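Report on one structure; see the data block that follows.
The values are calculated or read from the model by the stated rules, or taken from the named source; none is laboratory data. Just so it is clear, the structure is predicted and the values come from calculations on it, not from any experiment. Glycine also receives a Cβ, built like all others from the backbone with ideal geometry; neighbour counts cover every protein chain displayed.
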Amino acid sequence: MMVDSRRVSMPLNLVMVATLAGEVFDVDFIDERLGDTIPEDFSRYDVVALTSRTLNATRAYAIADKAKAQGRAVLLGGVHPTMSLDEACRHATSVVYGEIESVWPELSRDILAGRMQPVYRADALRPMNAMARPDFTYVLQSRNSRRYSNRIPVLATKGCPVGCNFCTTPTIYGKNYRYRDIELVLDEIRYHQDRLGRGSLHFSFMDDNISFRPVYFKELLSHMGRLAIRWNANISMNFLHDPEIAELAAWSGCDLMSIGFESLNPETLKSVHKGSNRLEDYSAVVDNLHARGIAIQGYFMFGFDNDSAESFQLTYDFIMENWIDFPVFSLVTPFPGTPYFEEMKPRLRHMDWDKYDTYHYMFEPKGLGSRQFLDHFVKVQKEVYKGRAIARRMKGKRLNWVWLANLQMNRFTRSLKPSIYL
């Protein structure tokens, strides 16, 4: 379950789509997460375009079906339509497989000509330097835009060659690692500084694995340090044992890194092809970041067949001994279209997409029964977010939003029960 911070992140990918479409069409940008209202009557639109993850696929399909019933062309894209292509095609005029930038010239021509194809799938992915700078005026037009986080999303790279078998990234963005020229990334940051009239902004890199090419990452950081910004990112831990990266990250304004530790069990990491995670490096990675004042949002997954009661205790001990600033716990979720989904399909409890949010119990691990497993899952969260546990993990750290997030989780976890995960 997620705490409601009353703030949502700006949807960078959808802003990029609006920017492309806006060069040819009039665009209305609607974000339901803000409280924006989806119209009942779609007659003013020629095309209704929707993006969907698995957890909101049912809602996206309902909107798509209504628009189609009113004679509108419907375009579906995003993670779930890509990973469940045949299903998505039943609800759309056209489905974009993967990223839209690589098929946009053909797609836009076909829309104008009134001959949209069922599926648009690129033969080759476009270089990132061809990506237009996102136009944020689309997201700021909503009267509810104040609900967006003040962290500005930015993208430097795409793709991840690691190949975890539960991940959708290789299908969406490819295993090849693409990146923008560093000057283009810096120009985009400076654009936002000029747009908002101040330099001290906070950016969130939306890259899946921004550090995969260390030479590029280090050069980017060496320039960002002169811009006086703050930033955070998701990052693969296989390069963080290098103290130089931690030093450069801190110097360039990094205040938090999100790291998928996933498990403390080497057999589990091996089974999901998480080769970038080496247990022997975990503590060194944490020490490198903490020594430079960088907070860690650590992701931990439970529900693998190798999990046992000891797995929960090992995770708790690691978090407490290493003072992980903001632990995030999730349940293993085999997403459709991934190798892990095909492997686990016979054991899945259901295919109710609304519950494919990493916070619902999908299958029973071989090592633990349902009741015992969920009791442990609730307990580890409550223990980590007890007041005294927070005080121990956060001792001596500056008072900021990470402290606030911990206090919110303290209140939230008090009411957790196993039944909410079913």
Item checked: Number of the condition not met by F212 [criteria: (1) within 19 Å of the chain's Cα centre (by Cα); (2) over 20 Å from A130 (Cα atoms); (3) not small (G, A, S); (4) not in a loop (DSSP other than H, G, I, E, B)] -> (4)
Next item on the list: Name the single residue, out of those in segment 262-279 being of a type in the set (S, T, N, Q) and in contact with a helix residue (DSSP H, G or I) (Cβ under 7 Å, 6 or more places away or on another chain), that is modelled with the highest pLDDT.
Entry: S263
Next item on the list: Just one of (1) touching a helix residue (DSSP H, G or I) at 6+ places or on another chain (Cβ under 9 Å); (2) crowded, with 17+ Cβ neighbours inside 10 Å; (3) closer than 29 Å to N232 by Cβ trips up K386, so point out which.
Entry: (2)
Check: In the set A309, A284, which member is touching a residue at least 40 places away in the same chain (Cβ under 8 Å), among the small types (G, A, S) and either in contact with a strand residue (DSSP E or B) (Cβ under 7 Å, 6 or more places away or on another chain) or within 18 Å of K366 (Cα to Cα) (or both)?
Finding: A309
Next item on the list: Please find, among V328, V286, the residue that is at pLDDT below 95, assigned by TED's automatic domain parsing to the domain that holds S252 and under 23 Å from the mean Cα position of the chain (by Cα).
Entry: V286
Next item on the list: Can you work out which of the residues in segment 57-77 that are in contact (Cβ under 8 Å) with a residue 40 or more places away in the chain and under 23 Å from Y173 (Cα atoms) is surrounded by the most Cβ atoms within 10 Å (Cβ to Cβ)?
Entry: G77
Checklist line | Long-range neighbours under 7 Å by Cβ, at least six apart or interchain, first residue farther than 13 Å from L55 by Cα and not assigned by TED's automatic domain parsing to the domain that holds Y61 within segment 345-365, second among the basic types (K, R) and part of a helix (DSSP H, G or I) | finding: F363/R347
Check: L348: at pLDDT 95 or above, surrounded by fewer than 17 Cβ atoms within 10 Å (Cβ to Cβ) and touching a Phe, Trp or Tyr at 6+ places or on another chain (Cβ under 9 Å), yes or no?
Finding: yes
Item checked: Residues satisfying the stated conditions in segment 138-195, i.e. surrounded by fewer than 19 Cβ atoms within 10 Å (Cβ to Cβ), touching a strand residue (DSSP E or B) at 6+ places or on another chain (Cβ under 7 Å) and within 30 Å of M344 (Cα to Cα) -> Y177
Item checked: Pick from segment 322-342, criterion out of contact with any strand residue (DSSP E or B) (no Cβ under 8 Å at 6 or more places or on another chain) and either in a strand (DSSP E or B) or at positive phi (or both), ranking: surrounded by the fewest Cβ atoms within 10 Å (Cβ to Cβ) -> W323
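Checking the conditions here, which among D354, D307, D375 is among the acidic types (D, E) and either over 22 Å from T413 (Cβ atoms) or in contact with a Lys or Arg (Cβ under 6 Å, 6 or more places away or on another chain) (or both)?
Exactly one of D354, D307, D375 is among the acidic types (D, E) and either over 22 Å from T413 (Cβ atoms) or in contact with a Lys or Arg (Cβ under 6 Å, 6 or more places away or on another chain) (or both), namely D354.
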Note to self: Condition first: among the hydroxyl-bearing types (S, T, Y) and touching a strand residue (DSSP E or B) at 6+ places or on another chain (Cβ under 7 Å). Now tell me which residues in segment 201-217 satisfy that.
What the structure shows: S204, Y216
Item checked: Matching residues, segment 186-209, being part of a helix (DSSP H, G or I) and more than 17 Å from M10 (Cβ to Cβ) -> L186, D187, R190, D194
Next item on the list: Select the strands (runs of 3 or more DSSP E) contained entirely in segment 35-113, then report the ones holding at least 2 residues which are touching a Lys or Arg at 6+ places or on another chain (Cβ under 9 Å).
Entry: 47-51, 94-97
Margin query: Restricting to segment 125-179, give me the number of residues that are under 29 Å from P336 (Cβ atoms) and in a loop (DSSP other than H, G, I, E, B).
Written below: 21
Check: Taking the condition free of Cβ contacts under 8 Å to residues at least 40 places away in the same chain and in contact with a Phe, Trp or Tyr (Cβ under 7 Å, 6 or more places away or on another chain), does S211 pass?
Finding: yes
Checklist line | Scope segment 42-77; condition farther than 14 Å from A88 by Cα and among the acidic types (D, E); matching residues | finding: D46
Next item on the list: Please go through segment 364-392 and pick out each residue that is assigned to a loop (DSSP other than H, G, I, E, B) and hydrophobic (A, V, I, L, M, F, W, C).
Entry: L368
